Structure formats: structure tokens, C-alpha cells
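Notes for the one structure printed next.
The values are calculated or read from the model by the stated rules, or taken from the named source; none is laboratory data. All values reported here derive from a predicted model rather than from experimental measurement. Cβ sites come from the backbone with ideal geometry, for glycine too, and all protein chains shown count toward neighbours.
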Amino acid sequence: MCGIIGVYSKDTVPVSKKLFYGLNSLQHRGQESAGITVSDGEQIKRHRAMGLVMDVFKSEEDLSSLQGNLGIGHVRYSTSGGVSELNIQPLIGFVKDESIAISHNGNLVNYHVLRSRLEEEGMMFQTKIDTEVILYLIARYYSGDIVSAIQRTMDRIEGAYSVILQLKDRIVAFRDPYGFRPLVLGQDGEDYIVSSENAAVEIIGGSMLRNVAPGEIVVIDEGGVHSYFYEKKAPRKNCVFEYVYFARNDANLDDVNAYNFRRRCGEILWEEKPLDVDLVIPVPDSGIPSAIGFAQASGIPFGEGLVKNRYMGRTFIKPTQKERDMAVKLKLNPLVEVVEGKRIVLLDDSIVRGTTSKNLIQRLRDAGAKEVHMRITSPPVKYSCYYGIDTPNRNNLIAAHHSVEEMEEIIGADSLAFISLEGLAKAGKKDLDQFCTACFSGDYPVDPTLI
Ligand code: AMP
């Protein structure tokens, strides 16, 4: 997963501050590294480093040195390619007297095949990420017509990609024909913004115009916004995990609001698996809207039974089980005063390895909870994601090898229930086939064996 942004200003206003603020609002999409490139029509400048946006752009100087009226930014959450300074985006390539910078969110499933072929042809790569293959192909097909170069590139790349390019005098954004990963277009006066989520547009003072459509190529230049399409169509497959977990609550992506989706998931879980308890407790933050929905639908009071340490990073990607357990402890602590003597239902968005739920249930019991039931606002994650969500290898997915009853036993819950796939579609107010649900169903819209 990653967050991407591009800003084009018709005036010669430097855009680096807007990119910086926008990237801050996309920080949840990637905490490993951050970077910005800008162009003033002549020169391209870049600043990028490992770390959070605030740490990468520490001084006024880091931003003021980026003079340009158009630019792009990126926050990275490593999936393919691993953790390395070499992989920090935006990447820059030089072709036919022009520079092209690229920010990419998603995962190509045929990356290794493409890369091997290009290497056999003599191409040398500087990173370990699929983004460089996209940049290389665009450069290869570019001879002044960027739209045609992108269309030819789209003929060869398979999988999930939302991409923003910065050319000398233009920003160009495109989205794969399935629309796996989000991409929105916004406006602030005469400035245009493209971004993974609308929060980035709103925070810098603009408003969202629309989603970039699956298969659409948007060129933003002096003449405004121009739209083109990749001719080969594909069924819409928006990643449902964006709404389950990944996007911010204020995200309005492809006509689904993440907060309402999550709240409705709570209501639907209550309808699908009602139970008799004293208190509904969320696993903060992603479980909050669904716990509110569950509490409102059931009439059972909502309580904050877990205190979150807001300064802890992601617990999910720690390499060893011991570290992951410790990280959950550091991140969430039970509130004895709220849970003692109570029968509680705990709402979380997903169970992946089972670390979080097992740890929290035990500690809630230690804090005096009489019963701890678990309700999950996604179906069991049984399959790895090849389109950009950081799910571990299938061997580590608890639901890939255990039934719900077995998982209930392993995590130590009094009862465990997951929302159904149909329930998810109902929460999104769309047909199920409009979403990619591969991590739950194993129904992969693009063949992942191309890997
Ligand atoms: P686990 O502890 O392995 O069962 O993971 C489930 C917990 O991790 C839940 O509390 C989720 O909110 C969170 N989570 C799920 N998917 C991801 C992801 N791709 N990246 C980071 N955290 C995640």
C-alpha cells in the first residue's frame, strides 16, 4: 500500500507545501518513506528519505528548495521490493531530453516476468520495485505523446496500479482498468490535485471533483484537465479492504464513504449474529464506527474499553511473533474501570494472523471482563493479496488453516463471528461483483500466478 498525490498550479505558485500537507493526510497509507518531486518547467527537484512525512521534511528549507508549480508526492508502505532507501518514490527517469517522475500505488502481478524480459534485453534496474518497470516501459514508448505511451504500457502491465506522473509541464494520472486502488481528482481555485484519497484534496483547501475512472488517463496542463481512456475494458473491482481497513474514515472513494460503510458493517453484524452482552467495545481506531453501528442497532451501550497509544507505529509488520505481541501491548491497554465485571463484545475490522485478537481477549479477561465475544467486520482473510495490501504469506493467515470454531478456541473468545460477503456488499450499497474480494473469496480478478 502507498499514498500518492500530484498538484498542478496554473500560476507559478510553488506547490511543495500543498504536496507536503497532502502527504501528511495520506500518512496512514505508508509510514516507511516519503518523497516529493517538483518541476518549474525547466528543472526537476526532489527530496525523499526514509521515515514519516514530518521527519522527512524537517525544515522549511526542505520545502523551500523545491521550487516548482507542479509536482508529485508519495508515501510508501513496502509490499513488493522490501524495505530499502533505493525504493523510495517518486522515482525519476530521463528520456529524450525530458524527465519523468512517477508515484505508484498498487502491485503488478507480472512484474517478475516483465523485469526478467527487460533484463534479458540489457536493461539495468536501480530499484527492486515494480514501479520502475512501469517507468521504464513508459519511457520506452514515449516519443512526445504521453497518452499513447501509457496506453502501450497498459497493454503490458497486469495487476493493480494507480499512478501519477510528473512531466516537465504536465501532471498525468492513470488507473488500472479494474480500479483496484483509489484515485480522485480535486480542484482548488485554478489548481488541480490528484490523490489516493479526498482528504488530501480537502486538507489543502480544495474540493473533490470526481474519481478518476478505472482505465482513465487524466492529463492536467495549462489548458486544464483532459481525459482519455484505455480501450480495453475490465469489470470494476474496487478493493473492498480499502473500506474495511485501509482508507481514512472520511474517504469517499468510488461512491462509498468509508465511515458509513464501517458503521453499516456494525449494524449488519448485529443483524447477522446478535448476542446478549452489556457493552460494545471497539478496537480503536478502525473498529470505532462499526462498534457505534453495532451499539445503535442493538441498543447495547457503547464503551471505550481499550486505550490507544497514538504514538505507536504499525504493529502489523513486525518480523517476529514476540515483537508483534509486545507491539499490540504497547499500542492498546484495557481500561479496568470500564470492562470489569462486564460481558463485552469487541469489534475489530479483521483477523489476519490472530495476534491482536488473542492478545486483547486475554488482557480484557485479566482486566476483569466476565465474557469477551469477538465480532469482525470482514469475512475471514483466507488468501494472500497480490494487488497491494500487505497480507502475509498464506501459511501465516489463521483463517487459511482453521475453521471459525477453531479460531474461536485459538483466540480464546466466548464467541467469534465474521460478517458475510453479502453483508459487506450491503454495507457498500453495491453489488458484490463490483468489489475485489480476493483475500476473502480466493476469486482473483487478475491471475496472480503471472508472478
Ligand atoms: P492480526 O493481529 O495479525 O490478526 O491482524 C489484525 C489486526 O491488524 C487488526 O486489528 C487490523 O486492524 C490490523 N490490520 C489488518 N490488515 C492490516 C494491514 N494490511 N496492515 C496493517 N494492519 C492491518
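Values as computed for the structure displayed
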quantity	calculated
Residue that is farthest from the chain's Cα centre (by Cα), among those in segment 325-360 that are within 14 Å of the ligand (Cβ to nearest atom) and among the acidic types (Asp, Glu)	325
The lone exception for residue 245 - which of (1) touching a helix residue (DSSP H, G or I) at 6+ places or on another chain (Cβ under 6 Å); (2) among the hydroxyl-bearing types (Ser, Thr, Tyr); (3) within 16 Å of the ligand (Cβ to nearest atom) it fails	(1)
Pairs, first over 17 Å from residue 418 (Cβ atoms) in segment 271-287, second of a type in the set (Lys, Arg) and part of a strand (DSSP E or B), C-beta under 6 Å, six or more apart	277/343; 278/343; 284/308
Residue within segment 276-290 that is part of a helix (DSSP H, G or I) and away from the ligand (no atom under 14 Å from the Cβ) present	no
Selection from segment 53-104 of residues that are free of Cβ contacts under 8 Å to residues at least 60 places away in the same chain, closer than 17 Å to residue 136 by Cβ and not in a strand (DSSP E or B)	80, 86, 87, 96
Condition broken by residue 322, with the remaining ones in (1) modelled with pLDDT under 95; (2) within 13 Å of the ligand (Cβ to nearest atom) satisfied	(2)
Test result for residue 180, of a type in the set (A, V, I, L, M, F, W, C), surrounded by 19 or more Cβ atoms within 10 Å (Cβ to Cβ) and in a loop (DSSP other than H, G, I, E, B)	yes
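Here's the yes/no breakdown for (1) closer than 30 Å to residue 182 by Cβ; (2) in contact with a His (Cβ under 9 Å, 6 or more places away or on another chain); (3) within 11 Å of the ligand (Cβ to nearest atom); (4) assigned to a strand (DSSP E or B):
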{"residue": "378", "(1), (2), (3), (4)": "yes, no, yes, no"}
{"residue": "392", "(1), (2), (3), (4)": "yes, no, yes, no"}
{"residue": "408", "(1), (2), (3), (4)": "no, no, no, no"}
{"residue": "416", "(1), (2), (3), (4)": "no, yes, no, yes"}
{"residue": "424", "(1), (2), (3), (4)": "yes, no, no, no"}
